[in-house]
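Heads up: the structure comes next, in structure tokens.
The values are calculated or read from the model by the stated rules, or taken from the named source; none is laboratory data. Quick caveat: nothing in here was measured; it's all calculated off a predicted structure. Note that we place each Cβ from the backbone using ideal geometry, even for glycine, and neighbour counts take in every protein chain shown. Ligands, DNA and RNA are excluded from the accessible area calculation, which covers all protein heavy atoms including side chains. Shrake-Rupley method; radii C 1.70, N 1.55, O 1.52, S 1.80 Å.
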Amino acid sequence: MNNLSKIIMYLFVFTTYCFGATSSSDIWKKGYTFLQFLESYGIPSSVYWNLYPEDKELTAEIYSGVRYYTLIDENNTLLQALIPLNDETQIHIFKDKEVYKVDFIPVKYFSSTNSIALSIQKSPYQDIVELIGDINLANEFINTYKNAIDFSKNIIKNDKLALIYNSKYRLGRSYGTPEIKASLIETNGKPNFLFAYSDGRRYDQNGNEITGLLLHTPVSNSRISSRFSLNRIHPILKVKRPHYGVDYAAPYGANVKAAAGGKVAFAGVKTGYGKVIEVVHENGLKTLYAHLSKIHTKKGQYVRTGQVIGKVGNSGLSTGPHLHFGLYKNNKPINPLSNIQSTKSVLAKEEKEEFLKIVKQYEEKLKLAIIDNLNSQPPSYFASN
Ligand SMILES: [Zn+2]
């Protein structure tokens with residue numbers, strides 16, 4: 001698949017030189033829909049309406065502010081377009097013998113693991129920005145510790161901070177939000193560690209979960225009819241398709257409740273999702289409730305956990321009534337089911353063994369970052385091994 005997207009990227013550049021076509025990139029405007037995009041190039045809307053329901057759902061995932069790419073010939077005919085849905089997947093529109101086709105392909109990117117260490121002078125946020133100029137990383141760091149540490153009270157000058165994180169680069173530009181794999185911040189000289197685990201949650205060095213939004217099931221008396229998948233096999237086409245949410249089959253008109261408290265960022269109709277509500281929460285998290293029959297809230301309103309915000313329906317789709325429930329972190333879809341729970345998570349025994357091995361490796365990297373970047377001895381709280 002990576003090769004495929006590489007070929008497509010080469011085709012983009014190649015066609016530019018050979019056929020006088022022009023490639024350009026632009027930012028997806030707020031409120032702009034996939035249908036409007038097709039219309040603007042004179043592409044028949046049947047291209048959209050003939051998509052499978054799952055694929056219509058995916059076109060609703062395009063978010064404002066994302067950079068997309070087009071290739072146009074001298075008659076202003078669209079030859080190809082690449083529109084990212086998130087850091088991983090993009091829509092590929094292309095002309096095949098006078099017929100437009102829509103496909104979903106991986107985003108080709110290069111990723112690298114980086115580390116930084118500093119001793120705090122102004123604030124964790126300002127010092128990270130001043131050191132490497134990455135506002136996204138600084139924000140992500142603050143979000144990570146938001147529920148665990150009050151930065152305004154507990155940090156003293158020269159407390160140490162160290163981070164191991166992954167960054168993504170596409171066509172020479174960094175994009176997406178850096179993923180923090182391990183971090184350390186001292187408060188009054190005492191260490192506070194956080195380690196990311198493969199379940200998408202963060203734990204301290206003993207495997208106790210530190211932060212995390214606890215979600216409530218958004219619809220009662222329902223059954224899960226389709227699970228979250230980063231690339232689900234399409235039931236008919238047999239090709240891989242992601243499913244960025246959980247589908248709850250429930251009676252038409254059943255109450256849909258906010259899975260957590262937050263502010264309504266969108267309440268209205270989106271092609272592919274029908275009537276849909278989006279609620280933003282702390283830590284860059286967002287929940288999405290789609291295919292509703294009724295909306296009982298407005299953009300800008302604050303909603304409580306469990307508050308009824310709409311009713312189950314089947315708007316935007318031809319299949320039976322269900323709630324499509326999505327969870328996003330910095331626009332990246334994550335599995336809602338691994339975040340629905342009633343108590344903080346503690347790792348099970350086998351998981352914990354695996355986790356502790358990872359912790360050991362990351363502790364070593366954090367220690368090296370401090371030694372290399374701060375020219376200092378390793379702090380004594382690192383286990384001597
Ligand atoms: Zn769905």
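Remarks
- Condition met for TYR175 (of a type in the set (Phe, Trp, Tyr), open to solvent by 40 Å² or more (accessible area, probe 1.4 Å) and farther than 25 Å from LEU368 by Cβ): yes
- Selection within segment 352-385 - more than 17 Å from ASN114 (Cα to Cα) and either in contact with a Lys or Arg (Cβ under 6 Å, 6 or more places away or on another chain) or among the charged types (D, E, K, R) (or both): LYS352, GLU353, GLU354, LYS357, LYS360, PRO378, PHE382
- Of the helices (runs of 4 or more DSSP H) that lie entirely inside segment 17-104, those containing 1 or more residues that are free of Cβ contacts under 8 Å to residues at least 24 places away in the same chain span 34-40, 46-49.
- Scope segment 84-104; condition open to solvent by less than 30 Å² (accessible area, probe 1.4 Å) and closer than 30 Å to ALA369 by Cβ; matching residues: ASN86, ASP87
- The sole residue among ALA254, ALA290, ALA259 that is in contact with a Pro (Cβ under 7 Å, 6 or more places away or on another chain) and either at pLDDT below 85 or not assigned by TED's automatic domain parsing to the domain that holds GLU354 (or both) is ALA259.
- Test: residue in segment 155-164 that is in contact (Cβ under 8 Å) with a residue 40 or more places away in the chain and closer than 15 Å to ASN283 by Cα: no
- Restricting attention to segment 136-163, the residues that are open to solvent by less than 10 Å² (accessible area, probe 1.4 Å) and more than 19 Å from the chain's Cα centre (by Cα) add up to 4.
- Search result, residues across segment 187-206 that are surrounded by 15 or more Cβ atoms within 10 Å (Cβ to Cβ) and at positive phi: none
- Whichever residue in segment 105-130 is over 30 Å from HIS92 (Cα atoms) and out of contact with any helix residue (DSSP H, G or I) (no Cβ under 7 Å at 6 or more places or on another chain) and, among such residues, is least open to solvent (accessible area, probe 1.4 Å): ASP127
- TYR109 being in contact with a Lys or Arg (Cβ under 6 Å, 6 or more places away or on another chain) and touching a residue at least 24 places away in the same chain (Cβ under 8 Å): yes
- Here ALA81 does not qualify as within 18 Å of GLY326 (Cα to Cα), open to solvent by less than 50 Å² (accessible area, probe 1.4 Å) and of a type in the set (Gly, Ala, Ser).
- Residue list for segment 105-128, restricted to those being within 12 Å of LEU161 (Cα to Cα) and of a type in the set (Val, Ile, Thr): ILE116, ILE120, ILE128
- Answer residue from segment 255-273, given it is of a type in the set (A, V, I, L, M, F, W, C) and within 16 Å of the ligand (Cβ to nearest atom) and is farthest from LEU323 (Cα to Cα) among those: ALA259
- Taking (1) surrounded by 13 or more Cβ atoms within 10 Å (Cβ to Cβ); (2) within 22 Å of PRO242 (Cα to Cα) in turn, ASN50 satisfies each apart from (1).
- At least 1 residues being within 20 Å of the chain's Cα centre (by Cα) is the threshold, and among the strands (runs of 3 or more DSSP E) wholly inside segment 222-338 those reaching it are 223-226, 229-233, 240-243, 246-249, 262-270, 274-280, 285-295, 322-329, 332-334.
- If the condition is being open to solvent by 30 Å² or more (accessible area, probe 1.4 Å) and within 16 Å of the ligand (Cβ to nearest atom), then segment 274-285 contributes only LYS275.
- Residue in segment 305-318 that is more than 16 Å from the ligand (Cβ to nearest atom), open to solvent by less than 60 Å² (accessible area, probe 1.4 Å) and of a type in the set (Lys, Arg) present: yes
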